[in-house]
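The values are calculated or read from the model by the stated rules, or taken from the named source; none is laboratory data. Not measured: the values here are computed from a predicted model. Cβ placement follows ideal geometry from the backbone for every residue including glycine, while neighbour counts extend to all protein chains displayed. Side chains included, ligands, DNA and RNA excluded: accessible areas come from the protein's heavy atoms. Shrake-Rupley method; radii C 1.70, N 1.55, O 1.52, S 1.80 Å.
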Amino acid sequence: MTSARFYDYASLSAEEKAALLRRSETDISKFIEKVAPILEAVRTEGDAALARFGRELDRANVSEANLKVTPAEFDAAFKQVDGDVIEAITFGIDNIRRFHEEQKPEAMWLKEIRPGAYAGDRFTPIQSVALYVPRGKGSFPSVTMMTSVPAVVAGVPDLAIVTPPAPDGGVDAATLVAARLAGVETVYKVGGAQAVAAVTYGTETVKPALKIVGPGSPWVVAAKRLLSGVIDTGLPAGPSEVMILADDSVHGGLAALDLLIEAEHGPDSSAYLVTHSRRVAEEALAALPEHWARMTEQRVAFSKAVLTGSTGGVVLTSSIEESYAFVNAYAPEHLEILSEEPFIHLGHITEASEILMGTHTPVSIANFSLGPNAVLPTSRWARTYGPLSVTDFVKRSSIGYVTAPAYAEFARHSHKLALYEGFSSHANAVSPVREAYLKKKGG
């Protein structure tokens with residue numbers, strides 16, 4: 001019996017090919033129904049609802065009095081986390097900050113469009129943003145790093161992290177270390193749909209925010225959809241996805257090794273190896289059991305559920321061109337190009353949020369320390385969204401300035417178009433009526 005699903009792509013029907021593109025969150029209607037009353041309870045009951053859901057849904061020892069992490073809890077976290085882990089977090093934050101500082105747009109630019117007429121952009125930080133850090137299937141200080149650093153670089157004045165509490169009512173210590181090192185000191189012990197509601201409506205403890213970013217479970221995705229008309233929910237980031245594009249220059253065992261990186265996140269993840277080499281496909285399938293033997297029991301269960309289920313497996317194509325087509329149709333969150341010459345393939349890939357090149361750039365390095373953001377659009381949203389970036393934490397204002405000498409030409413053309421479109425007030429504002437007021441000036 002095979003250790004993962006195997007697909008001969010050329011032999012699949014159109015319906016079967018379409019089925020490979022589906023993710024676990026494609027249909028979240030059942031979550032929408034369950035999430036709606038949670039959102040309403042938080043809106044009407046505030047902290048009481050948050051504490052109740054923390055106890056009932058997260059099985060955590062939380063109360064209305066301890067929903068916010070205290071300075072003492074931050075301090076204690078640094079004593080609980082091993083020094084080498086703190087060093088790794090510091091290394092990652094430094095690289096993430098360097099990358100995102102290069103990404104930051106200049107505060108304002110103006111271009112002289114015509115003599116005496118200027119137009120440009122000004123960028124200012126969003127005033128308040130909530131950063132969602134999941135915990136359900138593990139602890140993710142890396143998500144704290146990836147969401148906090150670009151927000152701090154952008155200059156957001158009011159930042160807060162929302163993350164599910166542990167059974168003891170605390171927050172993962174490494175997450176608190178990452179938050180403080182990144183520059184965020186406000187953390188709420190609230191997760192799931194109730195966290196999205198809390199930062200949307202505000203409660204006695206949780207301050208409302210203008211935007212929420214960060215990946216989450218289908219419960220979080222459903223809450224974001226329902227509240228998208230009230231709060232900016234950012235890029236669509238759901239359960240993890242990875243696609244490994246391998247040519248015949250690599251060993252299939254390496255492809256299998258990297259295929260498991262995102263598959264171990266949970267049974268709702270998606271993970272495919274696509275290759276036109278039967279040797280690579282067979283080597284990958286053969287190597288999976290030995291890789292699983294080196295993993296923990298929980299992560300083996302998660303990744304087996306993915307690779308033997310409907311959102312993962314090994315796809316054998318008839319040509320590298322067919323592999324490209326499948327990758328672009330899938331539009332993955334994470335894409336690894338496993339090849340001794342990865343750049344020969346890069347130009348053929350148009351739909352992927354993150355593209356990791358070569359045999360020394362596994363998703364692990366990108367997730368933790370390379371620098372580019374690892375909070376990425378899922379469910380084919382890579383076709384229209386990019387990775388989380390500094391620009392997700394700023395807003396853009398257009399700037400215009402027309403001087404007196406330049407005014408006449410702009411007024412003449414604007415007047416013609418205003419009349420054509422039937423807007424009399426538009427036309428009056430650039431007519432002799434304006435010129436008469438300009439001569440009178442003030443007083």
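Assorted remarks:
- If you go through segment 350-366 and keep only what is within 13 Å of Asp258 (Cβ to Cβ) and among the aliphatic types (A, V, I, L, M), you end up with Leu356, Met357, Val363, Ile365, Ala366.
- Verdict on Arg43 being open to solvent by 90 Å² or more (accessible area, probe 1.4 Å), at pLDDT 95 or above, under 26 Å from Gly155 (Cβ atoms) and among the basic types (Lys, Arg): no
- Within the set Leu388, Leu417, the sole residue that is in a helix (DSSP H, G or I) and either within 30 Å of Ile231 (Cα to Cα) or open to solvent by 100 Å² or more (accessible area, probe 1.4 Å) (or both) turns out to be Leu417.
- Condition check for Val230: of a type in the set (A, V, I, L, M, F, W, C) and either under 30 Å from Ile320 (Cβ atoms) or in contact (Cβ under 8 Å) with a residue 40 or more places away in the chain (or both): no
- Strands (runs of 3 or more DSSP E) lying entirely in segment 280-366 (those with 1 or more residues that are at negative phi and in contact (Cβ under 8 Å) with a residue 40 or more places away in the chain): 312-316, 334-338
- Any hit, segment 55-62, residues being open to solvent by 20 Å² or more (accessible area, probe 1.4 Å), within 18 Å of Val187 (Cα to Cα) and among the aliphatic types (A, V, I, L, M): no
- Only one of the numbered conditions (1) in contact (Cβ under 8 Å) with a residue 60 or more places away in the chain; (2) in a strand (DSSP E or B) is violated by Ala406, and that is (2).
- Positions within segment 1-40 being among the hydrophobic types (A, V, I, L, M, F, W, C), under 28 Å from the mean Cα position of the chain (by Cα) and part of a helix (DSSP H, G or I), in sequence order: Ala18, Ala19, Leu20, Phe31, Ile32, Val35, Ala36, Ile38, Leu39
- When we screen Ala160, Ala166 for residues that are of a type outside the set (S, T, N, Q), at pLDDT 95 or above and over 15 Å from the mean Cα position of the chain (by Cα), the only hit is Ala160.
- Test result for Asp84, farther than 26 Å from Val221 by Cβ and among the acidic types (Asp, Glu): yes
- Yes/no for Thr124 being of a type outside the set (D, E, K, R), farther than 22 Å from Pro236 by Cβ, modelled with pLDDT of 95 or more and touching a helix residue (DSSP H, G or I) at 6+ places or on another chain (Cβ under 7 Å): no
- Just one of the listed residues (Tyr420, Tyr401, Tyr437, Tyr407) is out of contact with any Pro (no Cβ under 9 Å at 6 or more places or on another chain), hydroxyl-bearing (Ser, Thr, Tyr) and modelled with pLDDT under 95, and it is Tyr437.
- Evaluation of Tyr7 against the conditions (1) over 21 Å from Ser269 (Cβ atoms); (2) buried (at least 19 other Cβ atoms within 10 Å of the Cβ) shows that the sole unmet condition is (1).
Okay, residues lined up against (1) at negative phi; (2) open to solvent by 70 Å² or more (accessible area, probe 1.4 Å); (3) out of contact with any Asp or Glu (no Cβ under 8 Å at 6 or more places or on another chain):
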{"position": "Lys17", "(1), (2), (3)": "yes, no, yes"}
{"position": "Ser24", "(1), (2), (3)": "yes, no, no"}
{"position": "Phe53", "(1), (2), (3)": "yes, no, yes"}
{"position": "Leu67", "(1), (2), (3)": "yes, no, no"}
{"position": "Gln103", "(1), (2), (3)": "yes, no, yes"}
{"position": "Trp109", "(1), (2), (3)": "yes, yes, no"}
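- Positions within segment 308-323 being open to solvent by less than 30 Å² (accessible area, probe 1.4 Å), of a type in the set (Ser, Thr, Tyr) and over 24 Å from the mean Cα position of the chain (by Cα), in sequence order: Thr317, Ser323
- Exactly one residue among Asp82, Asp47, Asp75 is farther than 20 Å from Lys189 by Cβ and of a type outside the set (Lys, Arg), and that residue is Asp82.
- Filtered residue count, segment 324-364, keeping only those that are small (Gly, Ala, Ser) and within 15 Å of Gly386 (Cα to Cα): 3
- Members of segment 373-384 that are surrounded by fewer than 18 Cβ atoms within 10 Å (Cβ to Cβ) and part of a loop (DSSP other than H, G, I, E, B): Thr384
- Condition met for Glu435 (among the acidic types (Asp, Glu), assigned to a helix (DSSP H, G or I) and free of Cβ contacts under 8 Å to residues at least 40 places away in the same chain): yes
- In segment 420-432, the qualifying residues are those that are surrounded by fewer than 15 Cβ atoms within 10 Å (Cβ to Cβ) and more than 45 Å from the chain's Cα centre (by Cα), and the one that is farthest from Arg114 (Cα to Cα) is Ser424.
- In this structure, Val274 qualifies as at pLDDT 95 or above, open to solvent by less than 10 Å² (accessible area, probe 1.4 Å) and in contact with a helix residue (DSSP H, G or I) (Cβ under 8 Å, 6 or more places away or on another chain).
- Residues (of a type in the set (Asp, Glu) and open to solvent by less than 10 Å² (accessible area, probe 1.4 Å)) located in segment 334-366: Glu336
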